[in-house]
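Here the structure is laid out as structure tokens; the discussion comes afterwards.
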Amino acid sequence: MLDGHGTKQNPSMHSLPASSLLYSGHHSRFWRLFIVMIGALATWFWGCALGQSALDSRQAIGSFLNGRLPSSAPGVSYKAADVFPALRFPNPIKMVQRPGSNQMWVISQDGYVWAFDKNAPTAKSLMLDISDVTVGHTEGEGDSGLVGMVFHPQFGQPGSPNRGFVYLFYSFRPAGEQWSTLSYSRLSRFTLPDGAAQMDRASEQVLINQFDRKTWHTGGDMFFEDGFLHVTVGDEGEDIPGAEISNSQKINDGLFSGVLRIDVDKDASRSHPIRRQPRSSAAPPAGWPASYSQNYFIPNDNPWTNADGSILEEFYAIGLRSPHRMSRDAVTGKALIGETGRATTEEINVMAKGANFQWAYIEGSVAGPIPGRRGPGTDTPPLYEYTDRTVDGSAVIGGHVYRGAAHSADLGGQYVFGDYISGKVWALKWQDAGTPRRELLTVPNGADYRGLSGFGVDASGEVYMMVLGQQGRIFKLEATATGGQPPATLSATQAFSNLGNLTPASGIVPFSVNSQLWSDGAIKQRWIALPNDGVPYSAAEVIRFSVNGDWNFPVGTVTIKHFELAVSETNPALRKRLETRFLVHGTAGWYGITYRWRADGSDADLLPAGAV
């Protein structure tokens with residue numbers, strides 16, 4: 001995205017931020033070379049810089065190619081749009097699209113599953129109500145409640161025995177009990193019978209029932225990969241009374257602090273039965289059962305397995321404190337986890353087999369509260385972390401890698417996430433070489449806003465945001481173009497009076513550089529347009545040259561660089577046109593745009609932001 005940077009009064013042509021140049025989305029090194037060419041203008045052009053033209057004559061031309069190019073960088077701004085204004089949900093936390101349907105399913109922390117038609121979002125229907133046995137947000141005031149939902153990979157497939165299965169992760173408390181902080185972290189399967197309007201509550205099949213003494217650090221987000229269910233589990237929260245966390249770095253006690261990977265289909269060809277039961281970290285209240293697991297197998301290739309039953313083989317990764325949200329990017333196959341920190345750091349982690357995310361001996365990149373206790377696995381630091389809790393917030397909410405069409409040119413492949421406290425929503429360029437870069441997109445708000453709680457995604461890859469409140473809303477990213485918009489074609493810029501032979505228009509001057517740079521054998525031509533209205537030339541119509549410092553170009557200056565390739569060794573005149581690039585000195589700094597030539601060479605089309 002363009003952000004309008006590069007606004008120094010006398011910008012250095014060797015140090016302009018790449019973000020202000022990459023409207024075309026091309027590799028920044030090419031634009032850096034484009035910048036260098038200006039700093040290396042041929043000696044004959046110095047006369048112009050000093051107001052003593054070395055040209056035979058100078059033709060008048062207006063700023064920005066006579067106003068045909070915008071005076072500021074093209075860009076995009078985002079807002080959180082209330083796209084389903086007729087619908088409100090109590091404390092929504094996740095939304096997914098039902099496979100093979102226009103139905104969107106929304107889970108509420110208070111124990112409800114709702115559905116509505118995305119194409120006609122005028123009313124919602126209740127798919128399941130387990131609120132009487134759920135310690136939800138309203139009661140627990142934590143990240144407890146109904147927090148995870150996923151459809152079986154064969155959901156809706158005719159003839160499949162799994163066609164009606166939906167998996168939920170929630171904070172279960174026996175009906176009628178009033179313990180304020182005690183519950184079970186429960187993973188269950190429910191069934192939507194063929195043709196039914198609601199899930200059958202009586203169909204619940206419990207898989208995990210882990211006694212949990214706190215309403216914080218629940219985890220519970222889920223996805224399927226290769227038929228195996230992956231689910232995050234938090235560290236239970238601080239011990240009573242106030243001791244440090246005791247459940248991290250263990251795989252032989254309770255099902256806490258990591259990512260579990262299980263086979264809900266119990267395929268004996270690649271999985272085996274459960275060999276060890278989880279323990280309760282304290283005695284449950286009288287009449288409550290001990291922690292247990294059932295109704296699934298353990299994948300044979302999980303990272304920690306032992307036939308003697310000495311460990312909980314469900315663990316796929318460990319060392320997570322509060323992995324509130326997790327999602328998998330189908331394109332890269334990577335799963336990203338939003339990990340809420342304790343005292344210093346909010347993290348984004350990339351899941352990996354056998355990873356140890358280091359809690360509680362390291363938090364982010366600093367020492368954690370229990371530096372001496374370390375379990376198995378490969379030390380895996382965060383992909384990204386932020387520590388300025390005053391500005392950024394202090395409760396990261398993991399989101400999704402954007403794979404939709406609406407903003408693909410600008411956000412494609414970026415990780416959209418946010419923070420519960422600040423409400424800010426960012427896009428993270430996490431696949432680029434070097435340190436991931438974050439950009440603020442929007443801050444949802446509105447009546448009854450109680451904080452950002454989670455994200456949703458539809459079948460087309462568009463991203464939504466959930467916000468808490470008894471009248472909780474679902475927002476969607478919407479974009480608005482900012483700045484001016486360049487012409488859609490090269491011909492429309494009127495930079496060339498004859499596009500066929502690239503004859504520059506009046507006022508556009510060809511130039512060369514003293515030191516040609518190698519560009520994979522490309523043949524290059526260059527032109528510059530210095531805005532002026534004829535002699536005498538004012539100070540705003542000349543280049544100000546410095547031997548050791550920055551050159552200063554008039555606002556409205558346009559430089560052009562054209563690339564083409566020779567396609568015949570025997571006939572050098574045969575060439576294929578590739579791109580024509582413009583570098584424009586706008587009112588808020590320099591920006592760049594690129595036109596890519598069509599296969600027939602008839603014209604070149606503007607590349608959108610993010611194109612490659």
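The values are calculated or read from the model by the stated rules, or taken from the named source; none is laboratory data. As the structure is a prediction and not an experimental result, all values here were calculated from the model. Here Cβ is always computed from backbone atoms with ideal geometry, including for glycine, and neighbour counts include all displayed protein chains. Side chains are part of the model used for accessible areas, which takes the heavy atoms of the whole protein and leaves out ligands, DNA and RNA. Shrake-Rupley method; radii C 1.70, N 1.55, O 1.52, S 1.80 Å.
Under a plain spin-label model, where a point goes 7 Å from the Cα along Cα-to-Cβ, how far apart in nm are Gln471 and Val331?
It is 3.8 nm.
By a straight-distance test (C-alpha under 17 Å), which lysines pair with Lys561 as possible cross-link partners, with residues fewer than eight away in the same chain excluded?
Answer for Lys561, where 17 Å is the Cα cut-off: Lys524, Lys576, listed by chain and number.
Show me, bin by bin at 10 Å from 0, the whole-percent P(r) of the range 305-393 based on Cα pairs.
17, 46, 28, 8, 1, 0
Hey, which lysines would be in cross-link range of Lys424, C-alpha to C-alpha under 21 Å, not counting anything within fewer than 8 residues on its own chain?
Lys79, Lys94, Lys476
Put Phe155, Phe545 in order of accessible area, largest first, 1.4 Å probe: what do you get?
Ranked from most to least accessible, the order is Phe545, Phe155.
Counting only protein heavy atoms and using a 1.4 Å probe, what share of the accessible area of the range 50-121 belongs to carbon plus sulfur, as a whole percent?
Answer for the range 50-121 is 44 percent, counting heavy atoms of protein chains only.
For a Förster distance of 22 Å, can you work out the FRET efficiency between the beta-carbons of Asn102 and Ala197, rounded to the nearest 0.05?
My answer for the efficiency is 0.90.
For the range 432-571, compute Rh as the Kirkwood radius over C-alpha pairs and then the Stokes-Einstein diffusion coefficient at 4 °C and 1.567 mPa s; write the answer in µm²/s, rounded to an integer.
For these conditions, the coefficient is 61 µm²/s.
Report the full-extension gain for the segment Arg275 to Ala175: residue separation times 0.36 nm, less the Cα-Cα distance, to one decimal in nm.
Full extension of this stretch gives 33.0 nm more.
Along the principal axes of its C-alpha atoms, what lengths does the chain span, in descending order and rounded to whole Å?
Dimensions of the chain along the principal axes of its Cα atoms: 99, 55, 55 Å.
In whole Å, what are the extents of the range 555-612 along the principal axes defined by its C-alpha atoms, from largest to smallest?
Largest to smallest, the principal-axis extents are 47, 21, 18 Å.
Rounded, prolate or oblate, given the Cα gyration tensor of the range 377-422, with a/c below 1.5 counting as rounded?
oblate
Taking the radius of gyration and the Kirkwood hydrodynamic radius from Cα positions alone, what is the Rg/Rh ratio for the range 128-176, to two decimal places?
1.14
Evaluate 2.2 N^0.38 Å with N set to the residue count of the range 351-487, then give the Cα radius of gyration divided by it.
Here the Cα radius of gyration is 1.22 times the empirical estimate.
With a 1.4 Å probe and all protein chains kept in place, how do Lys94, Lys476 rank by accessible area, largest first?
Ranking Lys94, Lys476 by accessible area, largest first, yields Lys476, Lys94.
Hey, any idea what Rg/Rh is for the range 286-336, computing Rh the Kirkwood way over Cα pairs?
Value, to two decimals: 1.06.
Give me Rg/Rg_expected for the range 154-313, where Rg uses Cα atoms only and Rg_expected = 2.2 N^0.38 Å with N residues.
Cα Rg divided by the expected 2.2 N^0.38 Å: 1.08.
How are the alpha carbon pair distances in the range 68-148 distributed across 5 Å bins from zero to the largest one, expressed in percent?
Computed distribution, short to long bins: 3, 14, 20, 18, 14, 11, 5, 4, 5, 3, 2, 1, 0.
Out of the total accessible area of the range 279-368 (probe 1.4 Å, heavy atoms of protein only), what percent is carbon and sulfur?
49 percent
Which value, in Å² rounded to 10, gives the accessible area of Val150 with a 1.4 Å probe and all protein chains present?
Here the accessible area works out near 20 Å².
Beyond 21 Å, what share of the Cα-Cα pairs of the range 410-509 is found? Please give it as a whole percent.
55 percent
What is the Cα radius of gyration of the range 198-287 over 2.2 N^0.38 Å, N being its residue count?
That works out to 1.24 for the range 198-287.
With 10 Å bins from zero, work out the P(r) of the range 157-213 over every alpha carbon pair and list the percent per bin.
Whole-percent P(r) values from 0 Å outward: 22, 42, 25, 10, 1.
As I understand it, the value is the acute angle between the Cα axis of helix 28-39 and the longest principal axis of the Cα atoms of the chain; what does it come to in degrees, rounded to 10?
The answer is roughly 30 degrees.
Quick one: accessible area per residue over the chain, 1.4 Å probe, rounded to a whole number of Å²?
39 Å²
Once fully extended, how much extra length lies between Asp267 and Ala282, figured as 0.36 nm per residue of separation less the alpha-carbon to alpha-carbon distance?
Roughly 2.1 nm would be gained on extension.
Excluding ligands and nucleic acids, what accessible area in Å² is computed for Tyr112 using a 1.4 Å probe, to the nearest 10?
Roll a 1.4 Å probe over it and Tyr112 shows about 60 Å².
Rounded to a whole number of µm²/s, how large is the Stokes-Einstein D of the range 426-466 at 37 °C and 0.692 mPa s, given Rh as the Kirkwood radius over C-alpha pairs?
Translational D for this selection: 263 µm²/s.
Tell me, what is the percent relative contact order of the range 336-468, built from C-alpha pairs under 8 Å that lie six or more residues apart?
Relative contact order comes out at 19 percent.
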